[in-house]
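Colleague: Sharing a structure here in structure tokens format.
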2 protein chains.
Amino acid sequence: MVHTTQCCILMGCLCLFYPWSQVCEWREPEELAALLDLELRENGEPQHQLLQRIRDVAKYSVKTNHPRFFNQLFAGVDYHALTGRFLTEALNTSQYTYEVAPVFVLMEDEVLSKLRSLVGWAEGDGIFCPGGTMSNMYAMNVARYRAFPEVKLKGMWSLPRLAVFTSQQSHYSVMKAAAFQGIGTENVFKVKVDDRGCMIPEDLGETIELAKSQGAVPFFVHATSGTTVQGAFDPLEPIADICDRQGLWMHVDAAWGGSVLFSKEHKHLMRGVERADSVTWNPHKMMLTGLQCSAILLKDTTHLLKHCHSADAKYLFQQDKFYDTSLDTGDKSIQCGRKVDCLKLWLMWKAVGSKGLEERVDRAFTHTRYLVEEMQRREGFELIGKVAPVIKERMMKQGTMMLGYQPQGGRVNFFRMIVISPQLSHQDMTFCLNEIERLGNDL
Amino acid sequence: MVHTTQCCILMGCLCLFYPWSQVCEWREPEELAALLDLELRENGEPQHQLLQRIRDVAKYSVKTNHPRFFNQLFAGVDYHALTGRFLTEALNTSQYTYEVAPVFVLMEDEVLSKLRSLVGWAEGDGIFCPGGTMSNMYAMNVARYRAFPEVKLKGMWSLPRLAVFTSQQSHYSVMKAAAFQGIGTENVFKVKVDDRGCMIPEDLGETIELAKSQGAVPFFVHATSGTTVQGAFDPLEPIADICDRQGLWMHVDAAWGGSVLFSKEHKHLMRGVERADSVTWNPHKMMLTGLQCSAILLKDTTHLLKHCHSADAKYLFQQDKFYDTSLDTGDKSIQCGRKVDCLKLWLMWKAVGSKGLEERVDRAFTHTRYLVEEMQRREGFELIGKVAPVIKERMMKQGTMMLGYQPQGGRVNFFRMIVISPQLSHQDMTFCLNEIERLGNDL
Ligand SMILES: Cc1ncc(COP(=O)(O)O)c(C=O)c1O
Ligand SMILES: Cc1ncc(COP(=O)(O)O)c(C=O)c1O
């Protein structure tokens, strides 16, 4: 048993090192379903067949580790982080109490406090969540609880109609949060952005007045550091001024942009972030830890997070335990079982140091600058519009690279190029531009 | 680079096969923090030091794979599932579109449909969530949306005060959901249970009337198949009768108990489940897939899940794509990025077949029966009360096994023994009883 399964496990690891030449092997859904033989049956299968299945799963999956996967806000691979992920899986721990997760309770605390110190906070609170959307939801919920603690017991009926503020180009998780938490998407007020996609603070002020004039009670401003499509950084200082004046919770969604805080050269993009009440930061994006790794960080030191979410389950959080039960951090979470998401980040950080992470961020900016310059030197990159879907289809079917397109605001379809993997070179940038030209040559 | 990191990765895998004799190596928090040297610094560390860190993390973590870890509702290890987890990590995919996750979009669909067929539904909907608490939240949210679709846009202010019903011994995630979704914990009505911990249907009927008389509008009944502490199965048929009559959404939280549906001998415990509107089922508990693996299953065929949660982000869910965009299942989710949770379950199921899973469930019941008989033959196992925390402390410090205790209802502290790992034998049951006797000998 152990022999064959060990072999099986090694197989799982080794897929990664296969010399994949293509980013993807496109198959139509019906064809792929047939190739994979997905059906689950009464009887099990022999080992050699399972090994073949593992090979097939790897073969037809998109190689998100491939240097030419530019399609999402995650890419590349860091082998230390990957080791942390394998170890996490091997240990299979749920992160609620010191008793069950002694190492990871302490480790999460250290990692969170280090992230907070980059934000500029000597103290505070926080927790890892299954993704940035959840982290943003935590922020909105804790903000609501601070403003109206009775909501936990009595629900929204005891509250006035609330209003949330965010830019026109913020991530759609704000809408998901407002819907899920019973606030309603209509009560999310969209603030105008400038040409670069940054929130216009004057319009925030006016929108707040508008909401008030409609009888709504503002409580939450959701700013973004690194918007999803344009990568814009909202101006945090003037936003903080407004939040201060109005007594509003200021949240910074830095799911994508947070990692600039590692860089002495680029952290000015988030100037003023220390004035926020909460920050979402996804190391699984720019820092390459692998999914999932997202932190919600809070400036609060009054245990708001716990008061807001606790349910005091006696079977987990007994108070007659033989150790300091403040280490049982599980009741801060809206989850019960919670995967360990800190180890991969911790191990990578130990391996390359803050300095190594800073270099990666700086390198990504250098690549981006190069890409922009290259693009300006070429013709025909201005508007892609209706041809983008065709170029994309050809790209996928040939499997040479992957990047995403979308319209936004008044703009027609354009490609969004994500440059984060430390394995990338200037050659890859040039390849990417050449490839778009080649694929769209006859259009 | 690849050499040393491969070595590092293998190390990660191999920890698992170390001949651990103890379930845990207890250390006081301060001592452990010092041993682990958690601090994150400016500079990275050399490879040999990283390897030592990996060994330390493994050494001081609780061995949840150990046959004598009985502490939570997960335990043991299935090597096929573990392979699936490693492969998931190596591929690092986010499960939102067919374009990025072709294999996993199709695979999730197959696994969900197979789980639904065990529930008794030929059609339906569903999605994997980061844990049973989230799955339960999905159910409550979709139920609210079915009853009052305007809630998504307008929030709770457009709705009457709502009421949720669940048993006194249901999981605390019901309370977390009610708080998070703006319904309020006060609007969760607790229904009485009988001696075995099963919801009393007559009291459900009366509690619904009580809520109505207080002006609240019932919309959601949360029944449990396999309660967290006692493992009780609520009587689903009479509960379904009441839900039918009153037009309420019936949810079955089978996070723990769902796996009995594999067993011809034991599935009667969930008789009537096919009449539910939704079911939560955590394969990461009784089925040993490893965290996280939880499904929310719905009977609905009208795309409620998508209508309720969609935000139609244009950068992910473009409608001018070159393939059938109904395969882009990401907008059913309240998340954006979503880890692949189906592969580990699929691979294990392929490996052992439905038959193999059935045998595991049956074996767990046999062990439990044996344990109960053994316990009845011994004296002093009736009430543990104040000595439980002391026994627990000694157990942890000696590291011989781990099981949890808690009070419940009128009962003082008692130990909760979880028996699921297929590696378990009757000897382990006997060991466990002997060990409690030994540890509590002088008390
Ligand atoms: C700005 C921003 N916030 C939040 C998120 C959501 O993060 P996640 O995908 O981890 O839920 C994203 C995802 O792309 C994002 O770009
Ligand atoms: C009956 C029941 N429902 C839901 C849950 C929550 O599951 P999770 O820990 O995956 O959030 C549990 C956890 O123990 C449970 O026992």
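The values are calculated or read from the model by the stated rules, or taken from the named source; none is laboratory data. This is a predicted model, so every value here is computed, not measured. A quick note on method: Cβ atoms are made from the backbone with ideal geometry, for glycine too, and the neighbour counts reach across all protein chains shown. Just the protein is used for accessible areas: all its heavy atoms, side chains included, with ligands, DNA and RNA removed. Shrake-Rupley method; radii C 1.70, N 1.55, O 1.52, S 1.80 Å.
Colleague: Are any residues in the stretch A:185-197 open to solvent by 10 Å² or more (accessible area, probe 1.4 Å), more than 22 Å from B:K154 (Cβ to Cβ) and either within 14 Å of another protein chain (Cβ to nearest Cβ) or assigned to a loop (DSSP other than H, G, I, E, B) (or both), and if so, which ones?
Modeller: Passing the criteria: A:K192, A:D194, A:D195, A:R196.
Colleague: Next question, about the same structure. Just for the stretch A:246-280: of the residues that are within 14 Å of another protein chain (Cβ to nearest Cβ) and touching a Ser or Thr at 6+ places or on another chain (Cβ under 7 Å), which one is surrounded by the fewest Cβ atoms within 10 Å (Cβ to Cβ)?
Modeller: It comes out as A:F262.
Colleague: Moving on. Working only within the stretch B:45-55, note down all residues that are in a helix (DSSP H, G or I) and more than 7 Å from chain A (Cβ to nearest Cβ).
Modeller: Result: B:Q47, B:H48, B:Q49, B:L51, B:Q52, B:R55.
Colleague: Being under 17 Å from B:A75 (Cα atoms) and basic (K, R) is the filter; apply it to the stretch B:360-372 and report the residue that is least open to solvent (accessible area, probe 1.4 Å).
Modeller: B:R360
Colleague: Would you check which residues across the stretch B:141-162 are more than 10 Å from chain A (Cβ to nearest Cβ) and either assigned to a helix (DSSP H, G or I) or open to solvent by less than 30 Å² (accessible area, probe 1.4 Å) (or both) and list them?
Modeller: Passing the criteria: B:V142, B:A143, B:R146, B:A147.
Colleague: Within the stretch A:345-354, can one find any residue that is within 16 Å of ligand 1 (Cβ to nearest atom) and either closer than 30 Å to A:M417 by Cβ or open to solvent by less than 10 Å² (accessible area, probe 1.4 Å) (or both)?
Modeller: For the stretch A:345-354, residues within 16 Å of ligand 1 (Cβ to nearest atom) and either closer than 30 Å to A:M417 by Cβ or open to solvent by less than 10 Å² (accessible area, probe 1.4 Å) (or both): present.
Colleague: Report every pair of residues separated by at least 6 positions or lying on different chains whose Cβ atoms are under 7 Å apart, first residue within the stretch B:416-432 and touching a residue at least 40 places away in the same chain (Cβ under 8 Å), second assigned to a loop (DSSP other than H, G, I, E, B) and hydroxyl-bearing (S, T, Y).
Modeller: Pairs found: B:R416/A:Y315.
Colleague: Taking the conditions exactly as written (in contact with a His (Cβ under 8 Å, 6 or more places away or on another chain) and open to solvent by less than 10 Å² (accessible area, probe 1.4 Å)), does A:L357 satisfy them or not?
Modeller: Spelling it out, it is not the case that A:L357 is in contact with a His (Cβ under 8 Å, 6 or more places away or on another chain) and open to solvent by less than 10 Å² (accessible area, probe 1.4 Å).
Colleague: Hey, another quick one. With the checklist (1) at the interface with chain A (Cβ under 9 Å from one of its Cβ atoms); (2) open to solvent by less than 30 Å² (accessible area, probe 1.4 Å); (3) closer than 21 Å to A:E45 by Cβ in hand, flag the one item B:I334 doesn't pass.
Modeller: Just one mismatch for B:I334, condition (3).
Colleague: To continue, here is another question. Being within 25 Å of A:T289 (Cα to Cα) and touching a residue at least 40 places away in the same chain (Cβ under 8 Å) is the filter; apply it to the stretch A:395-415 and report the residue that is farthest from the other protein chains (Cβ to nearest Cβ).
Modeller: The extreme case among them is A:T400.
Colleague: Test A:D341 against the stated conditions and say whether it is under 25 Å from B:Q335 (Cβ atoms), away from ligand 1 (no atom under 16 Å from the Cβ), assigned to a loop (DSSP other than H, G, I, E, B) and touching a residue at least 60 places away in the same chain (Cβ under 8 Å).
Modeller: no
Colleague: Further, regarding this structure: Return a yes/no flag: does the stretch A:76-85 have any residue that is among the polar types (S, T, N, Q), within 16 Å of ligand 1 (Cβ to nearest atom) and open to solvent by less than 40 Å² (accessible area, probe 1.4 Å).
Modeller: For the stretch A:76-85, residues among the polar types (S, T, N, Q), within 16 Å of ligand 1 (Cβ to nearest atom) and open to solvent by less than 40 Å² (accessible area, probe 1.4 Å): absent.
Colleague: Determine which single condition B:S135 fails, assuming it passes every other condition in (1) surrounded by 24 or more Cβ atoms within 10 Å (Cβ to Cβ); (2) in contact with a Pro (Cβ under 8 Å, 6 or more places away or on another chain).
Modeller: Unmet condition: (2).
Colleague: Let me ask something else. When the residues of the stretch A:372-389 are narrowed to those that are β-branched (V, I, T) and either touching a helix residue (DSSP H, G or I) at 6+ places or on another chain (Cβ under 8 Å) or without any contact (Cβ under 8 Å) to a residue 12 or more places away in the chain (or both), which ends up nearest to the other protein chains (Cβ to nearest Cβ)?
Modeller: Per the stated criteria, the residue is A:I384.
Colleague: Looking at B:E42, B:E123, B:E28, which one is acidic (D, E), more than 23 Å from B:M287 (Cα to Cα) and at the interface with another protein chain (Cβ under 7 Å from one of its Cβ atoms)?
Modeller: B:E42
Colleague: Can you find a residue that is at pLDDT below 95 and either charged (D, E, K, R) or away from ligand 2 (no atom under 15 Å from the Cβ) (or both) anywhere in the stretch B:158-175?
Modeller: Checking the stretch B:158-175: at least one residue is at pLDDT below 95 and either charged (D, E, K, R) or away from ligand 2 (no atom under 15 Å from the Cβ) (or both).
Colleague: Would it be correct to say that B:G385 is small (G, A, S), more than 24 Å from B:F74 (Cβ to Cβ), open to solvent by 60 Å² or more (accessible area, probe 1.4 Å) and at pLDDT below 85?
Modeller: Considered against the rule, which asks whether it is small (G, A, S), more than 24 Å from B:F74 (Cβ to Cβ), open to solvent by 60 Å² or more (accessible area, probe 1.4 Å) and at pLDDT below 85, B:G385 comes out as no.
Colleague: Got a number for residues in the stretch B:201-211 being of a type outside the set (D, E) and either within 14 Å of chain A (Cβ to nearest Cβ) or open to solvent by 50 Å² or more (accessible area, probe 1.4 Å) (or both)?
Modeller: Summing the residues that are of a type outside the set (D, E) and either within 14 Å of chain A (Cβ to nearest Cβ) or open to solvent by 50 Å² or more (accessible area, probe 1.4 Å) (or both) in the stretch B:201-211 gives 2.
Colleague: What's the total number of residues in the stretch B:56-75 that are over 18 Å from B:F415 (Cβ atoms), crowded, with 21+ Cβ neighbours inside 10 Å and more than 7 Å from chain A (Cβ to nearest Cβ)?
Modeller: Qualifying residue count, the stretch B:56-75: 1.
Colleague: Name every residue in the stretch B:100-132 that is assigned to a loop (DSSP other than H, G, I, E, B), closer than 20 Å to B:H309 by Cβ and either away from ligand 1 (no atom under 16 Å from the Cβ) or open to solvent by 10 Å² or more (accessible area, probe 1.4 Å) (or both), in order of residue number.
Modeller: Passing the criteria: B:E123, B:G124.
Colleague: Within the group A:Q230, A:Q214, which residue is open to solvent by 20 Å² or more (accessible area, probe 1.4 Å), of a type in the set (S, T, N, Q), within 16 Å of ligand 1 (Cβ to nearest atom) and within 14 Å of another protein chain (Cβ to nearest Cβ)?
Modeller: None of the others qualify; the one that does is A:Q230.
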